[in-house]
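Engineer: First the structure, then my questions, so here it is.
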Amino acid sequence: MTTTDTPSAIPATGYRLRLPGPTEVPERVRQAAARVIVNHRGPECKAAIGETEEMIRPVLGTTNRVMFFASSGTGVMEAALVNVVGPDSRILVIEHGQFGERFTSIAKAMNISVDTVANEWGHAVDVAAVEARLRERSYRAIVVVHNESSTGMVADLAALGALVRDRPTLLIADSVSGLGGIAMRQDEWGVDIVVSASQKALMCPPGLALASVSPKAWRVIEQDERRSVFFWDFRRALKSIELNETPFTAPVSLLYGLRESLMMMHEEGLPNVLARHEQLSGALRAGGAALGLADFCERGPRSSTVVVFNVPDGLEGGTIVRRLYADHRTVIAGARNRLSGRVIRFGTMGAFSAATILTDLLHLEDVLTKLGLPVEAGAGLKAATEHLAKTK
């Protein structure tokens, strides 16, 4: 038996990937990514890059050039900082979950001077607190996670953009887990740098990242030559994308996959895609509440791409995660941070439907019942179905 034949290497029959990323990849996208590898500087790849960039712009809500990188989302988080933050400037990071804290960790590793606004997890970003900090001192950038997949809370980018519109301060947003499932209007909201990645609502395998940069941010990038950057150099990437290329070897298969997933999104219609995410995440929340699972987010704009439930007293999140996989091959997430054991998380992004949500709730009811939680039979399905009927 070879290594690839071992049970641990092969997903079991009926495997259901319900994480908040990576997400299930539709068959159309898998087939597109499996095409013959072509010359990454040749006409076929250039055409794919050009078409992909054209189709991603409306999803971002921008007229900017969009640059692609062979990377995870964390890579372009670093890229967003290294291109605009010089040795004498300071940034303000809004920490409203695990990935805001990651931005702080990246900045400190790069020896960037960083201040933070520590926002209570599960609560809306305190825009007034951010404004107060801007009055106290000058910052090169405000840095925020658009969709905090660790908590299920969305940042108000429009309000944050309004704070910096008439200031030299830039607004940098990580929308790795939001783009494609939650509205992004980069130009309208005044977001100067948006970074994202392929493996979540964009319905692709991991490994392809992107960045969209405003004219305001380009002026900062072009005026400062002191930064140490090579692979992540946005200037180099811009010159390449103007030729429908990437600066270095393009992830050809992933670009073909992303082009196909964007075709699917445009066929469905972008407003319909966003409405579907909102409706189905709402149905899962309604069903979970009927099963005794409270939403972790107490108030504020909730995510349409991830649902985070508090774990009932007497249970532990990891136990629910393991039983869902063992009994139903349904793969969800717990938490690998201060919420460990206290929450469970479902991805509600990409290629999913009402049937997906109802199956989630059926499996959840079974597991919670086996773990001793008093659950009314069928309550989750009933609540979700009623939500779906009300939100057609």
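The values are calculated or read from the model by the stated rules, or taken from the named source; none is laboratory data. Here the structure is a predicted model, which means the values were calculated and not measured. FYI the Cβ positions are ideal-geometry reconstructions off the backbone, even for glycines, and counts take in every protein chain you see. Ligands, DNA and RNA are stripped out before the accessible areas are found, and what is left, the full protein with its side chains, is counted by its heavy atoms. Shrake-Rupley method; radii C 1.70, N 1.55, O 1.52, S 1.80 Å.
Engineer: Starting from residues that are in contact with a His (Cβ under 8 Å, 6 or more places away or on another chain) and at pLDDT 95 or above, keep the ones in the range 292-313 and report whichever is nearest to residue 350 (Cα to Cα).
Structural biologist: Looking at residues that are in contact with a His (Cβ under 8 Å, 6 or more places away or on another chain) and at pLDDT 95 or above, I get 305.
Engineer: For residue 156, indicate whether it is surrounded by fewer than 24 Cβ atoms within 10 Å (Cβ to Cβ) and free of Cβ contacts under 8 Å to residues at least 24 places away in the same chain.
Structural biologist: Here the answer is no, as residue 156 does not meet what is asked.
Engineer: Considering each residue of the range 39-75, count those that are among the aliphatic types (A, V, I, L, M) and closer than 13 Å to residue 243 by Cα, and give that number.
Structural biologist: Going through the range 39-75 one residue at a time, the tally reaches 5.
Engineer: (1) under 21 Å from residue 71 (Cβ atoms); (2) of a type in the set (Val, Ile, Thr); (3) touching a Lys or Arg at 6+ places or on another chain (Cβ under 9 Å): which one isn't true of residue 194, the others all being true?
Structural biologist: (3)
Engineer: Here's something else I'd like to know. Which residue is farthest from residue 369 (Cα to Cα), if the candidates are limited to the range 301-321 and must be touching a residue at least 12 places away in the same chain (Cβ under 8 Å) and charged (D, E, K, R)?
Structural biologist: Applying the filter and picking the extreme gives 302.
Engineer: Looking only at helices (runs of 4 or more DSSP H) that lie completely in the range 44-152, which have at least 3 residues being open to solvent by less than 10 Å² (accessible area, probe 1.4 Å)?
Structural biologist: Those helices (runs of 4 or more DSSP H) span 73-82, 98-109.
Engineer: Now for a separate question. Does the range 218-231 contain any residue that is part of a helix (DSSP H, G or I), touching a residue at least 24 places away in the same chain (Cβ under 8 Å), out of contact with any His (no Cβ under 8 Å at 6 or more places or on another chain) and closer than 20 Å to residue 64 by Cβ?
Structural biologist: Checking the range 218-231: at least one residue is part of a helix (DSSP H, G or I), touching a residue at least 24 places away in the same chain (Cβ under 8 Å), out of contact with any His (no Cβ under 8 Å at 6 or more places or on another chain) and closer than 20 Å to residue 64 by Cβ.
Engineer: Please verify whether residue 238 is open to solvent by less than 70 Å² (accessible area, probe 1.4 Å), in contact with a strand residue (DSSP E or B) (Cβ under 7 Å, 6 or more places away or on another chain) and either outside any helix (DSSP H, G or I) or modelled with pLDDT of 95 or more (or both), treating the condition exactly as stated.
Structural biologist: yes
Engineer: Where residues in the range 246-279 are among the hydroxyl-bearing types (Ser, Thr, Tyr) and in a helix (DSSP H, G or I), which of them is nearest to residue 151 (Cα to Cα)?
Structural biologist: Among those that are among the hydroxyl-bearing types (Ser, Thr, Tyr) and in a helix (DSSP H, G or I), it is 261.
Engineer: May I pose another question? What number of residues in the range 180-198 are in a loop (DSSP other than H, G, I, E, B) and buried (at least 24 other Cβ atoms within 10 Å of the Cβ)?
Structural biologist: Here the count works out to 6.
Engineer: Next up: Can you tell me which residue within the range 26-41, out of those that are charged (D, E, K, R) and not in a helix (DSSP H, G or I), is most open to solvent (accessible area, probe 1.4 Å)?
Structural biologist: 35
Engineer: Which pairs turn up if I take residues in the range 364-392 that are under 16 Å from residue 284 (Cα atoms) and open to solvent by 70 Å² or more (accessible area, probe 1.4 Å) and look for partners that are in a helix (DSSP H, G or I) and of a type in the set (Lys, Arg) with beta carbon separation below 7 Å, at least 6 apart in sequence or on another chain?
Structural biologist: Taking only residues 6 or more apart or on different chains, not a single pair turns up.
Engineer: Any residue at all in the range 171-179 that is surrounded by fewer than 21 Cβ atoms within 10 Å (Cβ to Cβ) and over 21 Å from residue 308 (Cβ atoms)?
Structural biologist: No.
Engineer: So if I check each of 135, 140, which one is of a type in the set (Lys, Arg), out of contact with any Lys or Arg (no Cβ under 6 Å at 6 or more places or on another chain) and within 23 Å of residue 213 (Cα to Cα)?
Structural biologist: Testing whether each residue is of a type in the set (Lys, Arg), out of contact with any Lys or Arg (no Cβ under 6 Å at 6 or more places or on another chain) and within 23 Å of residue 213 (Cα to Cα) leaves just 140.
Engineer: Return the total of residues in the range 352-392 being under 17 Å from residue 332 (Cα atoms) and among the charged types (D, E, K, R).
Structural biologist: 3
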